[in-house]
1. Tell me which residues, restricted to region 419-460, are of a type in the set (Lys, Arg) and open to solvent by 80 Å² or more (accessible area, probe 1.4 Å).
2. Looking at region 291-306, is at least one residue within 22 Å of Ile146 (Cα to Cα) and of a type in the set (A, V, I, L, M)?
3. Can you work out which of the residues in region 310-357 that are β-branched (Val, Ile, Thr) and either out of contact with any helix residue (DSSP H, G or I) (no Cβ under 7 Å at 6 or more places or on another chain) or more than 22 Å from Ile245 (Cβ to Cβ) (or both) is farthest from the ligand (Cβ to nearest atom)?
4. Return the pairs, sorted by first residue and then second, in which the second residue is among the basic types (Lys, Arg) and open to solvent by 20 Å² or more (accessible area, probe 1.4 Å), the first residue lies in region 91-103 and is free of Cβ contacts under 8 Å to residues at least 60 places away in the same chain, the beta carbons are less than 9 Å apart, and the residues are 6+ apart or on different chains.
5. Where residues in region 358-383 are farther than 30 Å from Leu255 by Cβ, open to solvent by 20 Å² or more (accessible area, probe 1.4 Å) and in a loop (DSSP other than H, G, I, E, B), which of them is nearest to the ligand (Cβ to nearest atom)?
6. Looking only at helices (runs of 4 or more DSSP H) that fall completely inside region 259-331, which ones have 2 or more residues that are closer than 17 Å to Leu347 by Cβ and open to solvent by 10 Å² or more (accessible area, probe 1.4 Å)?
7. In region 271-304, what residues are within 16 Å of the ligand (Cβ to nearest atom) and of a type in the set (D, E, K, R)?
8. Assuming Ala345 fulfils every condition listed in (1) in a helix (DSSP H, G or I); (2) touching an Asp or Glu at 6+ places or on another chain (Cβ under 7 Å); (3) crowded, with 19+ Cβ neighbours inside 10 Å apart from one, which condition is it?
Amino acid sequence: MIRVGDAAKAPEFPDAAKHALANAQLRRNVRHATDVIRGKRAIVVGETGDWQALREAGRRIKAHVLEHLDTYLTRFEENCARAGGRVHWAADADDANRIIVDIIRSHGESEVIKVKTMTSDETRLNPALEAAGIAPYETDLADLIIQLGNDRPSHIVVPALHRNRAEIREIFLRGMHLAELGGEPEDLTAAARRFLREKFLRVRVGFSGANFLVADRGSVCVVESEGNARMCLTLPKVLITLAGIEKVIPTFEDLEVFLQLLPRSATGERMNPYNTLWTGVVPGDGPQEFHIVLLDNGRTKVLADRQARETLHCIRCAACLNACPVYRQTGGHAYGSIYSGPIGAILTLQLQDMEHSQSLPYASSLCGACYEVCPVKINIPEILIHLRRRIVEDQGSYLERLAMKGAALAFADHRWFSRAQTIGRFLQRPFAAHGYVTKAPEPLSAWTATRDLPAMPAQSFRQWWAARGARA
Ligand code: SF4
């Protein structure tokens, strides 16, 4: 079954946003965190003399990969298998979860340590593991906060961005069963380290996501800031990686572009503190069994839409979230998807075959801030408009389609336009005052609920011009 977390059951964005906007603490936390990351990003991006050229290079590599996705995926499969890795193909979320559960069970294990797991949130792997009697332990600090707090991620790079230090301390006290805990950052990280270190040394199966799959070597690349990934990727006997099929890039040299774009855009760093690359298995060094599960889960359908396929360029840096005026007010939970912000607004709906999350493409002011910061130049505003059109074409009401046809007719011919103006002037009379319509009847009331509509002037420009000519 194609699934993006619980997005199919999530409330519509406007309803969820109202709830989020009422939470002043959440808004403060989100604004502070995104301000900090934006500031750092601006400095390190400004330092590079060729940022626009780097963005263009990233865009071109991704566009090229999508044109030849089958070639690069099979090349990755061959090279990974040659190096001792085992490649599995998962059509959807259930398929991926079943493959992963089967691998862990085949080793008689009942625990797994996890890192970089956004794609596993997409497939809802943790509930599937727990249902199979396998305990998953998140090891990213933010993911650990989410797991112990029984919470949901609200940001792509900083999933617990909506939590402040005092809240995290409470979560750790309860979740780690601690009698006492200081509230300073070092107290919290020390508690997390003690909690996780024992698991790193004990658990025999590791699980990771992937930032990039390098086709010409069959290698997997994970970048991170905490060092927990390195523990997960090297200490267990068995390693399982879950990656979307769009993560593949052609060559090792292409990493040069993305390892400059990603850290600057994601965390405002020149380079990630930990960059881990591995290729298959090496006897006596690291995990002795490596499985990689390549996930479709709706991606090939996104690929089939040429106008929206660049959605799959995304390298999950979250720069578009930090820049988005809508996200900065509501935070991520209002999107109802693990992919929030502008990229979530275009990705979630498409992955779900346009069946759920139809309110998300409207969760945007179309200001273009997301496009300006995107390191791989995804034209999110254009895709948003394209998706809105698809929604209206697929599901728009008869009345809406009729209204659009009428508008097309009026705008195509000045005589029809003039007649429409006359009718509009007549209809607006009961609702217009001081040059504005402040309370329109249904179905236009949704528009005037949040803004005033300028009333149509008593005379059109064409009429004014004709009258002026007659007077002269
Ligand atoms: S759409 Fe662009 S800016 Fe947004 S997360 Fe993806 S790569 Fe980053």
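1. Arg419, Arg429, Lys439, Arg451 - these are the residues of region 419-460 that are of a type in the set (Lys, Arg) and open to solvent by 80 Å² or more (accessible area, probe 1.4 Å).
2. Taking every residue of region 291-306 in turn, none turns out to be within 22 Å of Ile146 (Cα to Cα) and of a type in the set (A, V, I, L, M).
3. Thr330
4. Asn97/Arg124
5. Filtering first and then ranking leaves Ser364.
6. Here the list reads 299-304, 319-323.
7. Within region 271-304, Arg299 is the sole residue that qualifies.
8. (2)
The values are calculated or read from the model by the stated rules, or taken from the named source; none is laboratory data. No experiment lies behind these values; they were computed from the predicted model shown. Cβ coordinates were reconstructed from backbone atoms using ideal geometry, including for glycine residues, and neighbour counts include every protein chain displayed. For accessibility, only protein heavy atoms count, side chains too; no ligands or nucleic acids. Shrake-Rupley method; radii C 1.70, N 1.55, O 1.52, S 1.80 Å.
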